[in-house]
Amino acid sequence: MAQPKNPKSPSEWIDDEFPSRLPIIPLVSSVLFPGGVLSLQVGIDRNVRLLKSIPDEQNLIAAFCQKSGDKENPRPEDLSQIGVLAAIVQRLPLSSDRYQIFLQGRHRVEMVQMLQNEPYFIGQLREIAPKPIPKTLKVDNLMNKALSLFEKLVESDSKYSNELLNILKMNMAEGPDTFADLLSSFVNFPLEEKQMLLETVHPIERLESLVDWIQRDLGKATFDKELQRQIQSSIDRRERENYLREQLRVIQDELGEPNAADREADTYRDRVEALPVADDHKQTLRREVNRLSQLSASSSDYSVIKGHLDTIFQIPWGEKTEDRLDLVKAEEILDERHHGLEKVKERVLEFLAVLKLKGDLKGPILCFVGPPGVGKTSLGAAIADALGRKFVRMAVGGVTDESEIRGHRKTYIGAMPGKLIQSYIQVGVNNPLIMIDEIDKIGKDFRGDPASALLEVLDPKQNHAFVDRYVEIPYDLSHTLFIATANMLDTIPSPLRDRMEVIRLSGYTENEKVAIATKHLIPELLENHGLDPDQIKFTDEAILGAIRDYTAESGVRNLERKLATVARKVARKVASGTSEAQYKVDASDLEAYLGLPSYEHEFAERHPEIGVTTGLAWTQYGGEIMFIEATRMNGSGRTTVTGQLGDVMRESVTAAYSYVRSKAADLEIDDKMFAEHDIHIHFPAGAIPKDGPSAGVAIATCIASVMGERPVRHDVAMTGEITLRGKVLSVGGIKEKVMAAQRANIKTVLLPEGNRKDLTEVPDDVKKGLNFFFVERVEDVWKESLIPLYVVRTRDRKYDEAEYRKEHQKTDRERPEVR
Ligand SMILES: Nc1ncnc2c1ncn2[C@@H]1O[C@H](COP(=O)(O)OP(=O)(O)OP(=O)(O)O)[C@@H](O)[C@H]1O
Ligand SMILES: [Mg+2]
């Protein structure tokens, strides 16, 4: 396209008849039609330049619709082919670089060639002369039709004013071309459609398009209106219905006929009479039903009373299942569902035997205590099955509000019965086995003590008439078999604890876990994932790998999850058809299914360090190893302890410190070390509260280590309480602690002499890989765990790993398996 070097001034290209060359203003959001008027705000640079360069007396310009491209900087090809020659009928400067102009369309023009792009467009244009159309009947009809359609549009769509209609009517006589253009400029069509109308040069065709599109918009408008009408009428209908219902009631009352509300009240009355409750309680309910029949169904009282009555009817007042007290069968079911747990099962069977002989449940409540995932809840479910009773779990962990157990008074908004009555509603019988889960996690706050509510529930002497605040009618709990579960006993309020008979479930050994996985977890998983037992096979090594590298727990809950992950991934492969006949999951495949191991055997990489001892702790999660850390700094003999310790544990720190200091000479520590240094002892996992005296030996060893600058053997774990005179006293939880030591790959376990007898409880396969030392005094502990002084002092008191290793191996070899 020719680009003149210097832009021409408009006066150079105006010729008189038809200005074939004109400056062009692009229109981005509107289309101007011949005969139409357009008001434009001009603010874009190039358009402002254009306006400024046009002399006032020269008011012709061409307006072309811009179809695409950048608004500020359109290219010639962004403009449409057909535009309109227009007169600038008014221009108002709004500011120095902003105008408001009014354009009046004259007639269509076609772009022949763009002559200039900058600083604004100048095009060479060709006039498209209007077509003279003879006034035939057909044309008349078409125009009338378009007019009447537009009339309807004006009626149905408030965006159009009557003014437009009048202008249109006045211009009917101008002929179809003008008429069509006027109408085109009035209708609210999308920009492209408007441009299409402009490009439709033939007036008849233009009119036909207009008729079609107006009809289309009219359909939409009436649809919207109809929708509006329907919504309104449904609201009206409801009001009318309410009104009619009210009238019906009045009429029925006049005629003495029963109405719907009365009929409902009658069924409620029948149901009240059928309830197996005492008559005075029935009397209360009868009164409620009477009130119900007098209330309007839309009142809030109505729904409160109805909700209460419905709840009462849902409660199983008398429904029972038949007990099956067949001990042989019960034993079978327990064995089938749970591997091992011999003692526990035995105890449960004894309990059932007594139940059978006595014929009532007025004995102690069983409480299963043990770490997570050892099968407490599932054992409860198995017992229910063995007895032929329904099973329901009632979780009380985290409950701090008594009303959660006992219900809210029905005057409260949204009141409900408590968890207990809800459990009965859930099972639908009066004699289920209710498992009170996590009784050790029950809380207490200002809203009353939920434990005291449980106390009443679990008391065989009072629980035949338990009153829920919402239900208000005493309910007999005495046919229910309650079993509680807890992770630890310490936090169970003692009145509750006294009422229960504790059965301990301890953690599983690796071998037991493998057996549980093979016999129970995996078959169940496969079934849940729709897999055939032939399709996937876990080798024992794989299971062991999952236990060792991907879990660190006493129970099997995480193991179950890990195996489920594998099963899920295999199921996906099978389902996507890339199935091999059988998937064998071996230890080497675990990484592909489960990712990198979560628990490395850290001990292999660790080495003896100053100020770190390995203690053995017993928490609600089972046994655990616990690293106790200490550091020393210049100071004046103070001790700081951190890690959320209870009082007992703090006292052990003080006792241990005093004892170590009293033995400074034996340990070859200068007393100045104590006088001139502070010591900080930390018990990691700072967020978990810890207490109890059993870390005494580990703390004393830790202090001796930092003060004497002697590393502690990393593969020795210890537990035991100490006295101020250095004697080691026995502690609890030996079995769990030893199992934790084995899980953590410890080599040597130091136990108080007084706990020697407890070692019989520990399964042989756990004991096998471990050395045990029984200690009577703290000095014995030091002898076994602190790196000997002469080793430490080789090479200028620098500890030498290689040297130590030699010594260490020697002593190990010399040691008897179990002393
Ligand atoms: N001895 C076992 N034999 C077979 N399956 C077992 C055994 N012990 C646990 N399981 C299985 O392990 C899973 C977890 O057990 P469960 O939910 O009963 O643990 P829990 O002791 O109640 O734990 P929590 O204290 O966390 O509630 C269950 O699927 C259960 O069937
Ligand atoms: Mg449980």
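The values are calculated or read from the model by the stated rules, or taken from the named source; none is laboratory data. Just so it is clear, the structure is predicted and the values come from calculations on it, not from any experiment. In this analysis, Cβ positions are derived from the backbone assuming ideal geometry, glycine residues included, and neighbour counts consider all displayed protein chains.
Looking across the stretch 50-82, the residues that are in a helix (DSSP H, G or I) and out of contact with any strand residue (DSSP E or B) (no Cβ under 7 Å at 6 or more places or on another chain) come down to LYS52, SER53, GLU77.
Could you list, in sequence order, the residues of the stretch 318-345 that are more than 14 Å from ligand 1 (Cβ to nearest atom) and surrounded by 12 or more Cβ atoms within 10 Å (Cβ to Cβ)? Answer for the stretch 318-345, where residues must be more than 14 Å from ligand 1 (Cβ to nearest atom) and surrounded by 12 or more Cβ atoms within 10 Å (Cβ to Cβ): GLU319, LYS320, THR321, ASP323, ARG324, LEU325, ASP326, LEU327, LYS329, ALA330, GLU331, GLU332.
The set of residues in the stretch 439-483 being crowded, with 20+ Cβ neighbours inside 10 Å and within 16 Å of ligand 2 (Cβ to nearest atom) consists of ILE439, ASP440, ILE442, PHE482, ILE483. Every condition in (1) away from ligand 2 (no atom under 16 Å from the Cβ); (2) modelled with pLDDT under 90; (3) of a type outside the set (A, V, I, L, M, F, W, C) holds for ASP335 except the one numbered (2). With a requirement of 2 or more residues that are among the hydrophobic types (A, V, I, L, M, F, W, C) and within 16 Å of ligand 2 (Cβ to nearest atom), the helices (runs of 4 or more DSSP H) lying completely within the stretch 369-433 that satisfy it span 376-387.
Please note which helices (runs of 4 or more DSSP H) are completely contained in the stretch 717-792 and include at least 1 residues that are closer than 16 Å to THR701 by Cβ. The helices (runs of 4 or more DSSP H) meeting that bar are 734-743, 778-785.
Every listed requirement among (1) modelled with pLDDT under 85; (2) closer than 30 Å to ILE734 by Cβ; (3) of a type outside the set (A, V, I, L, M, F, W, C) is met by GLY530 save one, (2).
The rows are residues; the columns are (1) away from ligand 1 (no atom under 15 Å from the Cβ); (2) within 33 Å of the chain's Cα centre (by Cα); (3) closer than 30 Å to GLN742 by Cα; (4) not in a helix (DSSP H, G or I).
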position: LEU477; (1), (2), (3), (4): yes, no, no, yes
position: PHE482; (1), (2), (3), (4): yes, yes, no, yes
position: ILE503; (1), (2), (3), (4): no, no, yes, yes
position: THR518; (1), (2), (3), (4): no, yes, yes, no
position: ASP532; (1), (2), (3), (4): yes, yes, no, yes
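Do we have any residue at all in the stretch 136-145 that's among the hydrophobic types (A, V, I, L, M, F, W, C), farther than 29 Å from SER53 by Cβ and either in contact with a Cys (Cβ under 8 Å, 6 or more places away or on another chain) or in a loop (DSSP other than H, G, I, E, B) (or both)?
no
In this structure, VAL211 does satisfy being among the β-branched types (Val, Ile, Thr), in contact (Cβ under 8 Å) with a residue 40 or more places away in the chain and assigned to a helix (DSSP H, G or I). Would you tally the residues in the stretch 372-396 being within 9 Å of ligand 1 (Cβ to nearest atom), touching a helix residue (DSSP H, G or I) at 6+ places or on another chain (Cβ under 9 Å) and either among the β-branched types (Val, Ile, Thr) or more than 30 Å from ARG447 (Cα to Cα) (or both)? The qualifying residues number 7. Residue check: is PRO450 in contact (Cβ under 8 Å) with a residue 12 or more places away in the chain and either under 12 Å from ILE439 (Cβ atoms) or within 16 Å of ligand 1 (Cβ to nearest atom) (or both)? So PRO450 passes the test. Taking every residue in the stretch 153-165 that is over 13 Å from PHE189 (Cβ atoms) and at pLDDT 80 or above and pairing it with any residue that is β-branched (Val, Ile, Thr) and surrounded by fewer than 17 Cβ atoms within 10 Å (Cβ to Cβ), at least 6 positions away or on another chain, the pairs with Cβ-Cβ distances below 7 Å are SER156/THR222.
Checking the condition surrounded by fewer than 21 Cβ atoms within 10 Å (Cβ to Cβ) and over 30 Å from the mean Cα position of the chain (by Cα), which residue from ASP401, ASP385 passes?
Numbers: ASP401 fails: over 30 Å from the mean Cα position of the chain (by Cα).
Exactly one of ASP401, ASP385 is surrounded by fewer than 21 Cβ atoms within 10 Å (Cβ to Cβ) and over 30 Å from the mean Cα position of the chain (by Cα), namely ASP385.
Checking every residue in the stretch 351-370 against the condition of being away from ligand 1 (no atom under 16 Å from the Cβ), buried (at least 23 other Cβ atoms within 10 Å of the Cβ), on the phi < 0 side of the Ramachandran plot and touching a residue at least 40 places away in the same chain (Cβ under 8 Å) gives zero matches.
Residues that are within 16 Å of ligand 1 (Cβ to nearest atom) and modelled with pLDDT of 90 or more within the stretch 397-437 comprise LEU433, ILE434, MET435, ILE436, ASP437, listed in sequence order. The set of residues in the stretch 38-70 that are within 22 Å of GLY105 (Cβ to Cβ) and surrounded by fewer than 15 Cβ atoms within 10 Å (Cβ to Cβ) comprises SER39, GLN41, GLY43, PRO55, ASP56, GLU57.
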